[in-house]
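All remarks here apply to the structure that follows.
The values are calculated or read from the model by the stated rules, or taken from the named source; none is laboratory data. Quick caveat: nothing in here was measured; it's all calculated off a predicted structure. We place every Cβ from the backbone using ideal geometry, glycine too, and count neighbours over all the protein chains shown. With ligands, DNA and RNA removed, areas are computed over all heavy atoms of the protein, side chains included. Shrake-Rupley method; radii C 1.70, N 1.55, O 1.52, S 1.80 Å.
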Amino acid sequence: MNTKIKNFITALLTTIALRADIFSGTGLPKCLNCFDAVSALLTFVLFMLYDKVFFKKRSFGAWLAVVPSLIIALCLIFGESFDKTNSSIPVMGSKAALIVSLLRLIGFTALFSFFFTLGIEKALSVRFRRKDRESLPFKSLWLIVFLCHLPYLPGSFPGVVFYDTLWQLEECVGNMPLECNNPLLSTGVMYAVFKPFSLLGNNFGVFMITLIQAAAFSAVIAFALAYLARIGVKRYIRIGLLALYALCPVFAGSSVIIGKDTNYSFMLMLFTVFVIEILRKPENILKNRPRTAAFCVVIFLTMFLRNNGAHVVIPTLLLLALVKRSEIKKLGLIFLCAVIAFNLFHKVLIPVTGIHKGSVREMMSVP
């Protein structure tokens, strides 16, 4: 069969996986009554993407990506069924349901395989320059850590949630009024991801939050490890840290726990890297506008992804300005902007919008 025909069929099956309504009825025509202009456009876009990756000669990455993609697809299909009906009837309740489920399984597997294949093929195509042979570049470190954390995604599908996370998700869907007991920025980010993807099912929306969070978590770890290599930390120490962060269940498990603590922890790691570099060579950050802007973004995220984040960031910036007096003007300005942002948020934005103010216990991490 022609490669383009295979890719078109695969794109069509992915469209069925994304658009079929398995809860509309038990008949096959009702389940597959999902073809319209949007479906046609989606099929075309997927075909163009798939045609660049699938069914190519020696596509080792595609075969390597099939197993985790298949596991995630199975969890997604059964998770959606149990989320809606608390049973597997929409998946296996009849011959029609079983046929549709198999088509959706192939479609979802292809979709996830596409993204995994891109990452694997990119890693396999890395060519090290002589000066890089002693240390892995950021992209390779990111891929290593993410692939090691990957089994925890299907294992915890759609993600691990606890009381505060459920509270935030309830706020996202409008079942509870917006409050400051949980950080508004964290809830806002969660809403921005959950809302569009929840159109494909609540479990899919939660899973996309988990997937993006896990990717960001592994990216920050890789960034920190690459930074250690750049400043000359011994190779055996870096290898040990890579093994620790990639293989230890504490970190892999944390990457799939949805909530403010996970997001805050990896932003705090990123903030720490910037602080160390300013202590070492402040000109590398403060005399480089893009890096200064990145530092300010990291400060903002670290402050507002957890309600007590500012209590760590603001004193650290003050001490940093006092220690590096040669850069006191720039660091003092950054410190002043952080203080102003904190006060504008809590003394202007919250009262004006009428959002219920959180308890001081949350600020102090007291249960």
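With respect to Val233, is the statement that it is on the phi < 0 side of the Ramachandran plot, outside any helix (DSSP H, G or I) and surrounded by fewer than 19 Cβ atoms within 10 Å (Cβ to Cβ) true?
Judged against the criteria, Val233 is a match.
Is at least one residue of segment 258-266 assigned to a helix (DSSP H, G or I), out of contact with any Cys (no Cβ under 9 Å at 6 or more places or on another chain), surrounded by fewer than 21 Cβ atoms within 10 Å (Cβ to Cβ) and basic (Lys, Arg)?
The answer is no; no qualifying residue exists.
Among the residues of segment 201-217, are any farther than 15 Å from Pro137 by Cα, open to solvent by 50 Å² or more (accessible area, probe 1.4 Å) and at pLDDT below 90?
Yes, some residue in segment 201-217 is farther than 15 Å from Pro137 by Cα, open to solvent by 50 Å² or more (accessible area, probe 1.4 Å) and at pLDDT below 90.
Let me confirm something: among Ala293, Ala243, Ala252, which residue is surrounded by fewer than 22 Cβ atoms within 10 Å (Cβ to Cβ) and farther than 26 Å from Phe342 by Cβ?
That would be Ala243, the only listed residue that is surrounded by fewer than 22 Cβ atoms within 10 Å (Cβ to Cβ) and farther than 26 Å from Phe342 by Cβ.
Which residues, counting only those in segment 48-65, are at pLDDT 80 or above and surrounded by fewer than 19 Cβ atoms within 10 Å (Cβ to Cβ)? Steps first, answer last, please.
Here is the first cut: in segment 48-65, the ones at pLDDT 80 or above are 48-51.
Across segment 48-65, the qualifying residues are Met48, Leu49, Asp51.
What single numbered condition from (1) in a helix (DSSP H, G or I); (2) modelled with pLDDT under 85 fails to hold for Ala192?
That leaves (2) as the condition not met.
Among the residues of segment 141-186, count how many are within 30 Å of Ala65 (Cβ to Cβ) and outside any loop (DSSP other than H, G, I, E, B).
Looking only at that region, the number is 16.
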